[in-house]
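Reviewing the structure listed below.
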Amino acid sequence: MSDPFPAMDPVTLAVLRGRLEQVADEMDATLYRSAFNPIIAEAHDACHGLYDAVTGDTLIQGKSGLPVFVGAMAFAVRATVAAAAPRGGMKEGETWITNDAYDGGTHANDFKLVRPFYRGGKLWCYMASAAHWHDVGGAVPGNYNPAATECWQEAVQIPPVRIVRDGAIDEDVLAILRANTRLPASLWGDLNGQLAALELGARRLNGLLDEYGDDLVLQAMTELRSRALKLMRSHIASLPDGRYSFEDVLDNDGITNVPLTIALDMTVAGDRLLLDFSRTSPQCAGPVNISRATAIAACYVALKHLFPDVPANAGVLDAVDFVLPDRLVISAERPRPVGGYTETILRMIDVIFSAAAQADPTRAVAQAYGTINALSIAGHRSDKGREGQQWVMFSFFGGGHGAHSGGDGLSHGNAPISTATIPPLEILEAAYPVRFTEWSLREGSGGDGQYRGGLGAVYEIELLEKDAEVFVFGERGSSPPKGIAGGGPGAVNVFSYENDGAWNVPPMLSKMRGIRLARGERVRLETPGGGGYGPAAMRGEAQRQKDRAMGYAANDETTKAPE
């Protein structure tokens, strides 16, 4: 059998891989340094990449952007190309914009910019940028509306349209965008940051092609995809053939307090993998639905966690087949709301990890905390000189990661859908009228086991303005993160808020809008820990003494290992 790889000097291939990734990395860095919105500038909720000129498939991604965007962006590129085709196609000097969550994946806060990259008058590839804009209309500031029942209640809906023509911003489209945000200055800064990132990427890619030649760089990208496929096949073939099933639940959809099932039947057959989600709950009324594009992107992220040495491009999925029937909660259709997509893709990653643990527990990781706890506190300024100015503090929060065969889970990490960072409290306190009265590890929140799950965190936030409105969009309020190989579950998520000296918990535990705070009142998040690995009896007494001394000790009520 002939070698499927084109002949290329491995040193040259390694150099070109690094140089191509550097193009995307520099685009990431440009946006992070220029964005107005702390969710981009500090938390790095964005991504850039290069996409195939014919198929729209992922060629290269940056190392600091959100991996879930990489999988979804291929769908956004294809949707934009399809929308542009009857209008003469995407021409040189244009950039298109969309936040369509159904064709491009994720949710309406994530704006995707697609720019065709021409070389000598010929389309060479597409460059794309995705970033989470702070506020884009909808019923609640920040747009994670836990009570939405259709997409128009979540945010403005922008199909693929030209934002740049002949190198100049289209002022008509810009006016529409500005009219549909509570924070027009933030929107303007973020848009310009993305445009600047794409412009820099074009200059860097042109420089690389001038140095190495178009044909050699195209050959390298083809080989990188082939190598990703070969590595995936090798990893899949190392797993025992069989069918491995696991299911988990979402607390509710924010409208009806009924759990929703995310179910996976994973089949390993030689060097191919089948992910069948047919037993998953139907699409629902509330905003925990996701599109098919987002679901496939979530699988991409989970597989990259399991097989981290595989190059990050479309070859990751070339050895994987999907069964995703229409109109499930993970293949929802417009206008079903999708604003809380993060919670659902985290549960998809959980079930993939837990199913993979049945095939090979030494390779898998126990479930992480499973929720970003999207929290918005918003109001109007009353201090002198800023009276009436609207402010919106939107942020997400960390928790514990799952244990694994090599050791304890990470405490207070970010969600496994991303490489984003948790916004520092100093940045949030400087930007908004709030004070963090607690930011600490949550004692006893990690699942027990031979290796302990990472600890969640406690965040308590006091309002310094005269009043504000709050919403929270979280998960894991009723069903904790699971352990693997006999490890115990982590603690459940707890959100509470203070009114008139009394602390309250939302009726649906993890989701609520319309919470009113007065000056000095607080909200409190106690985030889940990760699941444990291995039987608790195998954890040595010396390690348990250290856990107690450090305040990490497992809570017998919330993290007891299964019998």
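The values are calculated or read from the model by the stated rules, or taken from the named source; none is laboratory data. These numbers were taken from a predicted model, which means no experiment stands behind them. As a convention, Cβ positions derive from the backbone with ideal geometry for all residues, glycine included, and neighbour counts pool all protein chains shown.
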Practice task
Have a look at LYS482, LYS511, LYS466 and point out the one that is at negative phi and over 31 Å from the mean Cα position of the chain (by Cα).
Solution key: LYS466
Fill in the blank from the handout: Flagged pairs (Cβ under 7 angstrom, 6 or more apart or on separate chains; first in segment 398-410, part of a loop (DSSP other than H, G, I, E, B); second at pLDDT below 95 and hydroxyl-bearing (Ser, Thr, Tyr)) are SER405/THR362
Completion exercise
Of (1) assigned to a strand (DSSP E or B); (2) surrounded by fewer than 17 Cβ atoms within 10 Å (Cβ to Cβ), ALA430 satisfies every one except (1)
Exercise for the section: Find all pairs meeting these conditions: Cβ atoms under 6 angstrom apart; at least six residues apart or on different chains; first residue within segment 339-365 and over 21 Å from TRP133 (Cβ atoms); second residue among the aromatic types (Phe, Trp, Tyr) and modelled with pLDDT of 95 or more. Expected result: VAL351/PHE246; SER354/PHE246; ALA355/TYR244; ALA355/PHE246; GLN358/TYR244; ALA359/TYR244; ALA364/PHE353; VAL365/PHE353
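Matching residues to (1) modelled with pLDDT under 95; (2) in a loop (DSSP other than H, G, I, E, B); (3) of a type in the set (S, T, N, Q):
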| position | (1), (2), (3) |
| --- | --- |
| SER440 | no, no, yes |
| GLY447 | no, yes, no |
| SER478 | no, yes, yes |
| LYS482 | no, yes, no |
| ARG513 | yes, no, no |
Handout entry: Pick from segment 376-388, criterion under 30 Å from GLY400 (Cβ atoms) and either modelled with pLDDT under 95 or out of contact with any Leu (no Cβ under 8 Å at 6 or more places or on another chain) (or both), ranking: surrounded by the most Cβ atoms within 10 Å (Cβ to Cβ)
Key = SER376
Problem - Residue count for segment 230-246, restricted to those that are closer than 20 Å to LEU324 by Cβ and surrounded by 17 or more Cβ atoms within 10 Å (Cβ to Cβ) - result: 4
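Let's see how each residue does on (1) in a helix (DSSP H, G or I); (2) under 30 Å from ASP9 (Cβ atoms); (3) touching a residue at least 12 places away in the same chain (Cβ under 8 Å); (4) in the same structural domain as GLY138 (by TED's automatic domain parsing):
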{"site": "SER234", "(1), (2), (3), (4)": "yes, yes, yes, no"}
{"site": "ARG243", "(1), (2), (3), (4)": "no, no, yes, no"}
{"site": "VAL258", "(1), (2), (3), (4)": "no, no, no, no"}
{"site": "ILE296", "(1), (2), (3), (4)": "yes, no, yes, no"}
Problem - Filtered residues of segment 338-355 (kept if within 28 Å of GLY104 (Cβ to Cβ) and out of contact with any His (no Cβ under 9 Å at 6 or more places or on another chain)) - result: GLU343, THR344, ILE345, LEU346, ARG347, MET348, ASP350, VAL351, ALA355
Completion exercise
Of the residues in segment 126-144, those that are under 23 Å from LYS63 (Cα atoms) and surrounded by fewer than 24 Cβ atoms within 10 Å (Cβ to Cβ) come to none
Problem - Matching residues in segment 499-546 - criterion: being under 21 Å from TYR459 (Cα atoms) and aromatic (Phe, Trp, Tyr) - result: TRP503
Exercise for the section: Return the only residue of ARG162, ARG178 being on the phi < 0 side of the Ramachandran plot, in a helix (DSSP H, G or I) and in contact with a Phe, Trp or Tyr (Cβ under 8 Å, 6 or more places away or on another chain). Expected result: ARG178
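Check LEU224, LEU205 and return the single one that is under 14 Å from GLY18 (Cα atoms) and either surrounded by fewer than 17 Cβ atoms within 10 Å (Cβ to Cβ) or touching a Cys at 6+ places or on another chain (Cβ under 9 Å) (or both).
Going through LEU224, LEU205 in turn, the sole match is LEU205.
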Problem - Among (1) crowded, with 24+ Cβ neighbours inside 10 Å; (2) touching a Cys at 6+ places or on another chain (Cβ under 7 Å) - the single one ASP52 does not satisfy - result: (1)
Practice task
Return only the number of the condition from (1) among the hydrophobic types (A, V, I, L, M, F, W, C); (2) in contact with an Asp or Glu (Cβ under 9 Å, 6 or more places away or on another chain); (3) surrounded by fewer than 24 Cβ atoms within 10 Å (Cβ to Cβ) that ALA168 does not satisfy.
Solution key: (2)
Fill in the blank from the handout: Per the list (1) in the same structural domain as MET512 (by TED's automatic domain parsing); (2) among the β-branched types (Val, Ile, Thr); (3) in contact with a strand residue (DSSP E or B) (Cβ under 7 Å, 6 or more places away or on another chain), residue check on THR280 breaks on (1)
Practice task
Determine which single condition ALA197 fails, assuming it passes every other condition in (1) out of contact with any strand residue (DSSP E or B) (no Cβ under 6 Å at 6 or more places or on another chain); (2) modelled with pLDDT of 95 or more; (3) buried (at least 20 other Cβ atoms within 10 Å of the Cβ).
Solution key: (1)
Exercise for the section: Kindly check whether there is at least one residue in segment 133-143 that is over 22 Å from the mean Cα position of the chain (by Cα), at pLDDT below 95 and within 23 Å of VAL470 (Cβ to Cβ). Expected result: yes
